[in-house]
Amino acid sequence: MNISSAKFVKSSSKVNECPDSGFPEFAFIGRSNVGKSSLINSLVNKKTLAQTSGRPGKTRLINHYVINDSWYLVDLPGYGYAGASKQARKGWGKMTEQYLLTRKSLVCTFVLIDIRIDPQKIDLAFIHWMGTKQLPFVLVFTKAEKMNSVKLKSLVTKFEESMKPQWESMPEIFITSASYRIGNKEVLSFVDKILHNM
Ligand SMILES: Nc1nc2c(ncn2[C@@H]2O[C@H](COP(=O)(O)OP(=O)(O)O)[C@@H](O)[C@H]2O)c(=O)[nH]1
Ligand SMILES: [Mg+2]
């Protein structure tokens, strides 16, 4: 897919404040600091469209970006930020849950996983929650630069093994690095394929 335009639309603190154009949307979620905003910037080839930060837990809003004036990328608040208040840490955040459960134009959620670290309970719990709610998602491994294919494969297998007790089949996976712009083509063709079949 060719990205001819990418624009920030709005930040929403409630689901009913989200844009109402009905454009199909793809949401990015994962632990704070996993690289959600960086990946969005990398996909659209703009350095500063989505706000990135070395400080975890900064984005607490639902951010909509419109791509090619026809579909949205959505940057969701990160979960599992240790410094967050007890209330904010509960579940995936009330606002995020509302969004995932009720947003009609949400087509698919990209669940971002840092490939460099061991499978995290919170990621597995989130994936499990998505499953119990029957919400469509794919896995996107982030920060996958400087690793050869053997290493990558073993890390992905390790993650899949940790999912196996709860999942019969594995979701589609993507391996990316925002820093090195790896995996963009694959993620964007996935989006393209879905949009073409709608
Ligand atoms: N090594 C590496 N670091 C990354 C990559 N993507 C993001 N980061 C870093 O991870 C931190 C968090 O990134 P950010 O996109 O703000 O994460 P978010 O909280 O999930 O939106 C920042 O310091 C980024 O520079 C990547 O592909 N490789
Ligand atoms: Mg962010």
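Here, each number is a calculation from the coordinates, and none is a lab measurement. On a predicted model such as this, the values are computed, not experimentally measured, just so you know. Cβ sites come from the backbone with ideal geometry, for glycine too, and all protein chains shown count toward neighbours.
Scanning region 27-78 for residues that are aliphatic (A, V, I, L, M) and closer than 16 Å to residue 107 by Cα yields a count of 8. For the criterion of being of a type outside the set (S, T, N, Q) and within 15 Å of ligand 1 (Cβ to nearest atom), residue 118 fails.
One residue alone among 194, 175 is over 20 Å from residue 80 (Cβ atoms), out of contact with any His (no Cβ under 9 Å at 6 or more places or on another chain), in contact (Cβ under 8 Å) with a residue 40 or more places away in the chain and buried (at least 17 other Cβ atoms within 10 Å of the Cβ), and that residue is 175. Checked against (1) of a type in the set (Phe, Trp, Tyr); (2) within 18 Å of the chain's Cα centre (by Cα); (3) more than 29 Å from residue 67 (Cβ to Cβ), residue 137 passes all but a single condition, namely (3). Only strands (runs of 3 or more DSSP E) whose full extent lies in region 1-73 are considered here, and the ones with at least 1 residues that are among the small types (Gly, Ala, Ser), buried (at least 21 other Cβ atoms within 10 Å of the Cβ) and more than 11 Å from ligand 2 (Cβ to nearest atom) are 25-30. For region 136-156, residues that are surrounded by 14 or more Cβ atoms within 10 Å (Cβ to Cβ) and either of a type outside the set (Val, Ile, Thr) or in contact with a His (Cβ under 9 Å, 6 or more places away or on another chain) (or both) total 9.
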